[in-house]
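All remarks here apply to the structure that follows.
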Amino acid sequence: MTPLDELRALLGNEAIVGQPADMAPYLTDWRGRYTGRALAVALPRTTAQVAQAVGWCARHRVPVVPQGGNTGLVGGATPDGSGRALVLATPRLCQVREVDTDNDTITVEAGCRLQQVQDVAHAHDRLFPLSLASQGSCTIGGNLASNAGGTQVLRYGNARDLTLGVEVVLADGTVWNGLRALRKDNTGYDLKQLFIGSEGTLGVITAATLKLFPLPRVRLVCLLACADPAAAIALLQRARAHAGPALTAFELISGPCLDLAQRFLARQRPGFVPTPPWTVLLEWSEPTDAAHAERAGERLCAAAIDAGEARDAIVSRSLEDARSLWALREAIPEAQARAGGNVKHDISLPLGTMAGFIGRTGAALQALSADLEPMVFGHLGDGNLHYNVGARAALPATAALAHEAAINDIVYAEVVRCGGSVSAEHGLGQLRRERGMALKSDAERTLLRAIKQALDPAGLMNPGKLI
Ligand code: FAD
């Protein structure tokens, strides 16, 4: 019996994908930037099967590459080219185990799609606030492993903040059931946090207990045209003071990004004519009535225009309006992927440095090449920008890639100068591993290696990623 036959016997034949054509979708990342090879793809249905598969990997010294919806943007779920690894994909591990409306928690398996969890929460008159444009495809396991952020972090925090407990299969195949549903648990090291953001390098997350919130009755969306990033930041301060916790999202979109999204969505009538240099999309969520929220939103927009922070504003009048304004923002990643060939950065900065960063980096990129066009958008309320650099419209989309190394040097030098981070929410994966590790102190690198060594001494969990 070959080792692979043994795995088939353990999990069942239907849980193992071995033919090259059938494996192909699991071997290339969402952006099409990385393609690897694998021994096989395992599709376990239960935590016990994940434990059997990981235990088999430990016995045969086979690397494990956990994979959820494969929507990650840093190549974290793609195996290397050796063909030695087992891709362990979780689409069949997708039961909702419990919804507890007294405790406001939901316990789900790792392969549940984010959208599915949001829908189940909604059916129980609750909100699960994690919200990403990839929510129809990405999974809770992937969200936790990459500590996903998205559009509601401003109010509710990122995946780390939304998780109360996890169940994990450790590198030797042991199951750790840490599915606690407690908001207070002060009994030593918070082990679940080790696995959140670990990008599959410490264990396979098989289930999680997540926080639920009251469902907002009103979601008002305002689109505001701004002259520059400094005006958008002044507007953020005003919106915070005005709305308090009702401000649930504050997104910045540059003119070229808005144009691209509108072209991608084939909009007949753009939101603003002409497209402003910068646009802010803010969301106001309240348990009150729509008329009250609409008046409050209108007052905020009027005050921002009076103060010169905004030049024009559109306020949603219905849920349909709100959705169509959000669609503009949510279309950007896919529109950029379709346009092809930009150099991506997912950076985090102290807000006070943001306007200076955008100004200096834009000028340095222009000095590098007049063909380059920054395509900037992101979660300004969290200090997080997707600072992507493409080519000007008339040029081939790949023109920016020719300058990739120099672009990265310019952007990351400014990030460091501003005291920022080279990954705000996408993680390090294989794309940013070197850069991320190089910017850590010796003490931090030593701690990270000690954790990796303690939990995965054989180095089989997602090798070549993060660390
Ligand atoms: P995968 O891509 O399959 O894996 C991601 C990482 O997690 C890999 O390292 C993988 O090994 C590991 N992993 C997966 N499942 C497990 C598991 N069960 N146990 C242990 N490790 C595991 N991200 C944001 O943060 N904010 C955004 O706003 C955002 N918007 C996006 C928009 C689009 C259109 C796209 C395509 C992506 C976007 N992303 C965003 C990135 C991506 O969707 C998130 O990182 C998401 O959390 C990945 O989930 P996934 O299930 O697809 O994980």
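Structural remarks
- Relative compactness, segment 162-275, computed as alpha-carbon Rg over 2.2 N^0.38 Å: 1.61
- Given their separation in residues at 0.36 nm each and the Cα-Cα distance between them, His122 and Gln453 gain 115.1 nm when the chain is fully extended.
- Per-q log10 I(q)/I(0), segment 131-216, q = 0.20 Å⁻¹ (Debye; single scatterer per alpha-carbon; no solvent): -0.95
- With every protein chain in place, the chain: carbon and sulfur % of accessible area (1.4 Å): 52 percent
- Sites Glu98 and Ala21, calculated FRET efficiency, Cβ-Cβ separation with R0 45 Å, nearest 0.05: 0.70
- Using the alpha carbons alone, the radius of gyration of segment 8-81 stands to its Kirkwood radius in an Rg to Rh ratio of 0.96.
- Loop-located chymotrypsin sites (Phe, Trp or Tyr not before Pro) in segment 109-195 (DSSP state not H, G, I, E or B) with no more than 14 neighbouring Cβ atoms inside 10 Å: Tyr189.
- Computed on the Cα atoms alone, the convex hull of the chain gives a volume of 151 cubic angstrom per residue.
- Among the lysines of the chain, pairs that are 8 or more positions apart or on different chains and have alpha carbons within less than 20 Å of each other number 9.
- In segment 302-445, the C-alpha radius of gyration followed by the widest Cα-Cα span (Dmax) gives 17.1, 53 angstrom.
- Square roots of five times the Cα gyration tensor eigenvalues for segment 9-135, Å: 29, 18, 11
- For Glu373, the amide hydrogen comes within under 5 Å of the amide hydrogens of Gly390, Ala391, Arg392, counting only partners 5 or more places away or on other chains and with H modelled in the peptide plane.
- Loop-located trypsin sites (Lys or Arg not before Pro) across segment 380-467 with a Cβ neighbour count of 13 or fewer within 10 Å are Arg392, Lys440, with loop assigned by DSSP.
- Computed over protein heavy atoms with a 1.4 Å probe, the accessible surface of the chain works out to 42 Å² per residue.
- Gyration tensor (alpha-carbon) shape descriptor, segment 146-191, a/c threshold 1.5: oblate
- Across all directions, the average projected area of the convex hull around the alpha carbons of segment 207-248 is 4.9 nm².
- Span per principal axis, largest first, for the Cα atoms of segment 390-467 (Å): 53, 29, 19
- On the beta carbon distance between Arg84 and Glu434, with R0 = 22 Å, the FRET formula returns roughly 0.50.
- Between Asn177 and Val416, the FRET efficiency from the beta-carbon distance, with R0 = 51 Å, is close to 0.80.
The values are calculated or read from the model by the stated rules, or taken from the named source; none is laboratory data. Note that the structure is a prediction, hence the values are computed from the model and not measured. With ideal geometry, Cβ positions are generated from the backbone for all residues, glycine too; neighbour counts draw on all protein chains shown. Keep in mind that these areas ignore ligands, DNA and RNA; they rest on the heavy atoms of the full protein, side chains included. Shrake-Rupley method; radii C 1.70, N 1.55, O 1.52, S 1.80 Å.
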